[in-house]
Amino acid sequence: MKIKTKLRLGFGFLFVVVIFFGAICLSYMNDISLSSKDILKDNYETLGFTGKMRSITDAHNLPLSAVAVRQFSHQLSLEQNNITEKGEAEAVKDLDSSYRVMISPVTSMAAKLAALKNIRIQLNTIESLNMNAIVRKNDAAHLEIDRAVMYLIFTASMCFLILFSFIVSFPGFVANPLREFSEAIKAISRKNYKQRLEFSGNDEFSELAVSFNAMTAELNKWENSNLAKVQSEKLRIEAIIEQMQDAIIGLNEKNEILFMNTVAARLLNMNEKDVIGLNADALVKRNDLLNKILGGAAAEKPMKIYADEKESYFQLERRKIMVPDFEDDKEQAVVKTGKAAGEVYILKNITQYKELDEAKTNFIATVSHELKTPISSIKMSLKLLDDERVGEMNTEQKQLVQHITEDCGRLLKITSELLNLAQAETGNLQLNFVKTDPGKIVMYAMDAVRFQAEQKNIELELISSDNLPMVNVDIEKTAWVLINFLSNALRYSAEKSKIIIQLIEIGNQVEFSVRDFGRGIDEQYQKRLFDRYFQVPADGNNKSGSGLGLAISKDFITAEHGTIWVESAIGEGSRFCFLLPVVE
């Protein structure tokens, strides 16, 4: 039987029960109404008639007037038409006879008084018969009501029992199969694809159970077919991780060791098989290197670790493990998102590149140091050539000597920058920290470039706050940075322009800035401006430098615990700034 048919039969049965109970109630209510109607219509009307006739006889003396006779005759006629009780007809007949004697003109007064007395006796008889009838019918009505109430209580009890049993048992036709389906679906969610449902009959639940069993069979087949593939892929990934030369450590979302290859285990002095599945928080307490790796403190700088019987350098990379996650969305059926499932730590061995970089830095430092002496000697010789005591030169010779002097100056500046760069890269940068007034550093830098500014008729304007706090810096290195800023500003500023040097206190730091009103720097070059060997493309009017000045400036300011940056826009000039902490 179909579920729809079961529902129709169930609710139809409820409808029939309700109609049956209502019909019984209406039947008994109709019987009670008829009993009450008989009492009111017959007996109470008779009592009314007799009462009015008694009132007429009591209110008038004999002989009766014509009006009284007419009223009495009317009430008597009504009573003659409303005889309902046994014995009432004889009493009414005697009443009529006595009434006729009482109103007869030939009757004596004594006969009339006797007739009046008999009339009153008959009226009492009629009233007594009807009062007894009222009592009797009232008792019968109460019995009928009591019987009706008993039947209604019995019928209501039976209907209640039937409906209660229906309410208790009928929902089970729907709820029980749904509960079995719910439990089966929960089992499927736990990947129990062997779950099956068995329903007898040919209703919709049986058809749905057949479809559900077919689905679970397909899911079980799919799970078995893909399990081997997943295992194969897992073994392949583990083999790839194991064969990689970099140290790799994987954690799951519970911060447990998910995998660790041989290289990582050797660096950490651990057995990879023993640590798989252990919590990383417990392992870092007894392994400082693992604590340093998982802490991520050395992610920016290379880590120095003793490996392969020598000090080796490793670069730490930290990446999150993202797995696809499918979520419901109001507008779309399914939305694919990423869900974090752990982290991977990779230690790349950069020892070879570090050694090559150190070799390059040492080579540059050696060459730069060796070039400074001959370049200085050349500059001294050029000064002697320019001295008239050695001999006079013609105009062309003086121009050649001037060009050679400028080129020697540039070479000497480049070699000095390379030496500073080599010191910064090797970590041998020597800083002589001294507590000093920021204004003195600025004046020292301005004096160094004042002659160059006067040659181009460029005004150097200083804007400084009063009572600036002291800073603890290397005066020479800080002044070198300001001189580099001013030299660049002079190079890219037009003649008869202005360069603004500003000193202000910001919080617990002092800001040094140099602003020019030249062409400005394109936004695409600003992020790389402090990279080594990077040069902004020249427009042909200005000679480009070595691309090391700003990089070395950044190294100096960073070593002094400061911050350096640039603000620029095309057509508005540039503003180079750095912040240095004040002395506490």
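Kindly list, by first and then second residue, each pair from a residue in the stretch 569-584 that is over 22 Å from residue 522 (Cβ atoms) to a residue that is in a loop (DSSP other than H, G, I, E, B) and not charged (D, E, K, R), limited to pairs with Cβ atoms under 6 Å and residues at least 6 apart or on different chains.
579/562; 580/562; 581/561; 582/469; 582/508; 583/470
Would you check which residues across the stretch 556-571 are in a strand (DSSP E or B), out of contact with any Lys or Arg (no Cβ under 6 Å at 6 or more places or on another chain) and either at positive phi or not hydrophobic (A, V, I, L, M, F, W, C) (or both) and list them?
The answer is 563, 568.
When you check residue 521 against the structure, is it touching a helix residue (DSSP H, G or I) at 6+ places or on another chain (Cβ under 7 Å), within 23 Å of residue 572 (Cα to Cα), of a type in the set (A, V, I, L, M) and crowded, with 17+ Cβ neighbours inside 10 Å, yes or no?
Judged against the criteria, residue 521 is not a match.
Just wondering, is there one or more residues in the stretch 477-486 that are of a type in the set (Lys, Arg) and over 57 Å from the mean Cα position of the chain (by Cα)?
Scanning the stretch 477-486, I find no residue that is of a type in the set (Lys, Arg) and over 57 Å from the mean Cα position of the chain (by Cα), so the answer is no.
Please find, among 512, 576, 534, 530, the residue that is at pLDDT below 85 and aromatic (Phe, Trp, Tyr).
So the residue among 512, 576, 534, 530 that is at pLDDT below 85 and aromatic (Phe, Trp, Tyr) is 534.
Going by what's in this entry, would residue 526 be described as in contact (Cβ under 8 Å) with a residue 40 or more places away in the chain, touching a Ser or Thr at 6+ places or on another chain (Cβ under 7 Å) and over 21 Å from residue 445 (Cα atoms)?
yes
Between 500, 441, 463, 475, which is on the phi < 0 side of the Ramachandran plot and crowded, with 18+ Cβ neighbours inside 10 Å?
It is 441.
Quick check on my filter: what residues within the stretch 106-161 are farther than 30 Å from residue 96 by Cα and either among the polar types (S, T, N, Q) or in contact with a strand residue (DSSP E or B) (Cβ under 7 Å, 6 or more places away or on another chain) (or both)?
155, 157
I need the full set of residues from the stretch 77-101 which are among the hydroxyl-bearing types (Ser, Thr, Tyr) and either outside any loop (DSSP other than H, G, I, E, B) or free of Cβ contacts under 8 Å to residues at least 12 places away in the same chain (or both), in order please.
Correct list: 77, 97, 98, 99.
Condition test on residue 186, is it outside the structural domain of residue 18 (by TED's automatic domain parsing) and either among the aliphatic types (A, V, I, L, M) or in contact (Cβ under 8 Å) with a residue 12 or more places away in the chain (or both)?
Spelling it out, it is not the case that residue 186 is outside the structural domain of residue 18 (by TED's automatic domain parsing) and either among the aliphatic types (A, V, I, L, M) or in contact (Cβ under 8 Å) with a residue 12 or more places away in the chain (or both).
Looking only at residues that are exposed (fewer than 15 other Cβ atoms within 10 Å of the Cβ) and among the small types (Gly, Ala, Ser) in the stretch 560-584, which one is nearest to residue 438 (Cα to Cα)?
In this case the residue turns out to be 569.
For the list (1) without any contact (Cβ under 8 Å) to a residue 12 or more places away in the chain; (2) surrounded by fewer than 15 Cβ atoms within 10 Å (Cβ to Cβ); (3) not in a helix (DSSP H, G or I), I need the number of the one condition that residue 62 fails.
The single condition residue 62 does not satisfy is (1).
The values are calculated or read from the model by the stated rules, or taken from the named source; none is laboratory data. Bear in mind the structure is a predicted one, so any value in this text is a computation, not a measurement. We place every Cβ from the backbone using ideal geometry, glycine too, and count neighbours over all the protein chains shown.
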